[in-house]
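Please read the structure below before turning to the comments.
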Amino acid sequence: MNLQEKIRAAASTQRSRAFPIVIVGHVDHGKSTLVGRLLHETGALPTGKVEQLRAVSEKRGLEFEWSFLLDALQVERDQGITVDTTQIWFHTQQRRYVIIDAPGHKEFLKNMVTGAAQADAAILVVDAAQGLAEQTRRHAYLLHLLGLRQVAVAVNKIDLIGFDADRFNDVAAAVRGYLASIGITAAQIVPVSAKEGDNIAEASAKTPWYHGPTLLEALDGFPDRAAAVEQPLRLPIQDLYRVDDKRIIVGRIESGSLKVGDRLRFTPGGREANVASLEAWGNQAAPVAAVAGESVAFTLDEDVFVERGGLATPPDAPPLESTRILARLFWLDKEPLHAGQRLTLKLGTAEADALVEAIEEVIDVETLLPAKADHVERNGVARVILRSRKPLALDRYETMARTGRGVLARNFHIVAGFVVESAEGGRLADLTRVDASVSQADRAQLNGHRGGVLWLTGLSAAGKSTVAMAAMRQLFNRGRQVYVLDGDNVRHGLNRDLGFTPEARTENIRRLAEAARLMADAGLIVLVAAISPSQADRDQARSIIGEGFREIFVSADLSVCQQRDPKGLYKRALAGEIANFTGVSAPYEAPRQADLVVDTGSLAPIQAAQVLIDYAERQFAAT
């Protein structure tokens, strides 16, 4: 079978699978009743099932409800609510479906998220009498949060309003307007009676004013998701082997196809090479091509750098490459998530240490409304910024789901799942990193020392700048390539557009760290003198700079700093003239475990500088 035949066969297989749809809406708007009616109308129920349920209902003294078909759990019958997602298969003349009936009760948000995340499209159920209830808005927002854009609306219980066209039009307009406000276009809005069967499979004579499709026709109108094999190649690198003189790369193709001669780009890094061969084990014949869903082993025509966790893609359809990700996250751990925590990020075959840089907003588990918060509770949904220590190859979830989702772990336990909303820098894979013609080893040999960053943190007037400047003078006199990045000086230039809000302080530190990293890479010993009051911000700086980062705590009691007050800042802050002043109206987080503590409360400036000089010489010695 050649490549084109394999692609056609794989695409046909995927399209023959059931099309997944999730049912969401208010707890009392009739979701389960609607699903039961759909099964009945499409002949999906076993013979005699309805009669059996009618008899059971009569025996228990209950009026028969179509929702009984889904009440498989005793707790559901006792409580009258759906508590888990249930998968039900049926088919129309057009295709096969699997309906994921997701719970609508607020206590079971986790299961609803699980169900909606598996779907390609959704049916939003709205009560014709109650209209756009608050819980309906919440569930619609959740569809938006999970990236579902194919939505049909079933305005249910149309019989209870006497099939009133005006009432239906009012509800439809309200629903359409709200969905549009959150970025969803309703494919169809259908007036239905799940209990009576109106406009489910056949047009109802009771709604002569409605000329749109039935609900089943609306489902059949949803386009299929593109087959994985028809999407651009995404091949996460699983491992590398040496077999005789061959360097064999292995992985599972998530999307697209691969054949001998294909040009590949490996991200992160952007190195490119051609596929020299596809390999097989034992006496098996080597394949001519491989497609999505298959594991593959291959060699390259050039010995370019490739490692586990990278992503092989076509050069003309690269992924995103970034260390900073905006993600939609579902938190699973019993301990709340806080900004500043470090977790293990797993995406495909890649694994990296990641900092939770910020919690942008939390979706309240009861209201599903976004709000500012400083933590995420268990089962909470949030938008967060994750920063990894190393670049990652990824895609936006809405574009390429298979390479746009991952998990976070702590101590080898999964604590969160996430999908990628965006990544800072966009398609950095479109940029090629240029190898330096002078190595760090070359610079160290010439300078007599390695480059690195001494990050001096402490209260205002603790003596950071004084000590840094004195140390720079002495190191320079010894022939060291050294420079001071002073927090105040940088705010007059590079960071003069930033204020002193927590967000601005974080960005100030990020820019300082990026500048220091470049200077250290050029072989300099960089002394950064900046208050940098947040441990999370300093951790971010460490992740940016990497191996050469050293955190130096310039320690002096607040009372000592206030007595010194060389710039009169404490006096002004205590008088209320300066807002957000560290140590007075804004907090300072002392380092949890500094690499070096310099006590300027007991040491004279020249003594403190000498401590720093001796430390720098040891840490950044050439060998």
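The values are calculated or read from the model by the stated rules, or taken from the named source; none is laboratory data. Since the structure is predicted, the reported quantities are computational estimates derived from the model, not experimental observations. We place every Cβ from the backbone using ideal geometry, glycine too, and count neighbours over all the protein chains shown. Surface areas here come from the heavy atoms of the whole protein model, side chains and all, with no ligands, DNA or RNA. Shrake-Rupley method; radii C 1.70, N 1.55, O 1.52, S 1.80 Å.
Things worth noting here:
- For residue 323, the solvent-accessible surface with a 1.4 Å probe is about 40 Å², rounded to the nearest 10.
- Residue 559 accessible area, 1.4 Å probe, all protein chains in place, Å² to nearest 10: 60 Å²
- Restricting region 499-569 to trypsin sites (Lys or Arg not before Pro) in coil, as DSSP defines it, with at most 14 other Cβ within 10 Å: 567
- Region 305-339 and region 227-300 have Cα centres spaced 21 Å apart.
- In this Cβ point-charge picture (+1 for Lys and Arg, -1 for Asp and Glu), region 126-247 has a dipole of about 520 debye about its Cα centre.
- Descending semi-axes in Å of region 179-309, equivalent ellipsoid built from Cα gyration tensor: 52, 17, 11
- Using every pair of separate Cα atoms, the Kirkwood estimate puts the hydrodynamic radius of region 400-532 at 17.9 angstrom.
- Region 132-241 gives an Rg/Rh value of 1.15, both radii derived from C-alpha positions and Rh following Kirkwood.
- Rotationally averaged projected area of region 537-623 (alpha carbon convex hull; nm²): 7.1 nm²
- Take the convex hull of the alpha carbons in region 277-417; its mean projected area over all directions comes to 11.0 nm².
- Straightening the chain between residue 305 and residue 411 buys 35.2 nm, computed as 0.36 nm per residue apart minus the Cα-Cα spacing.
- Within the accessible area of region 183-331 (1.4 Å probe), percent carbon and sulfur: 47 percent
- Residues of region 565-623: accessible area per residue with a 1.4 Å probe, Å²: 59 Å²
- Loop-located chymotrypsin sites (Phe, Trp or Tyr not before Pro) in region 268-324, at most 11 other Cβ atoms within 10 Å (DSSP): 281, 305
- Low-density loop cleavage sites - trypsin sites (Lys or Arg not before Pro) in region 369-409, where at most 13 other Cβ are within 10 Å (DSSP): 372
- Calculated accessible area for region 192-277 comes out at 44 Å² per residue, all protein chains present (probe 1.4 Å; ligands, DNA, RNA ignored).
- With all protein chains modelled, accessible area of residue 421 [1.4 Å, Å²]: 40 Å²
- Normalised per residue, the accessible area of region 379-515 is 50 Å², obtained with a 1.4 Å probe and no contribution from ligands, DNA or RNA.
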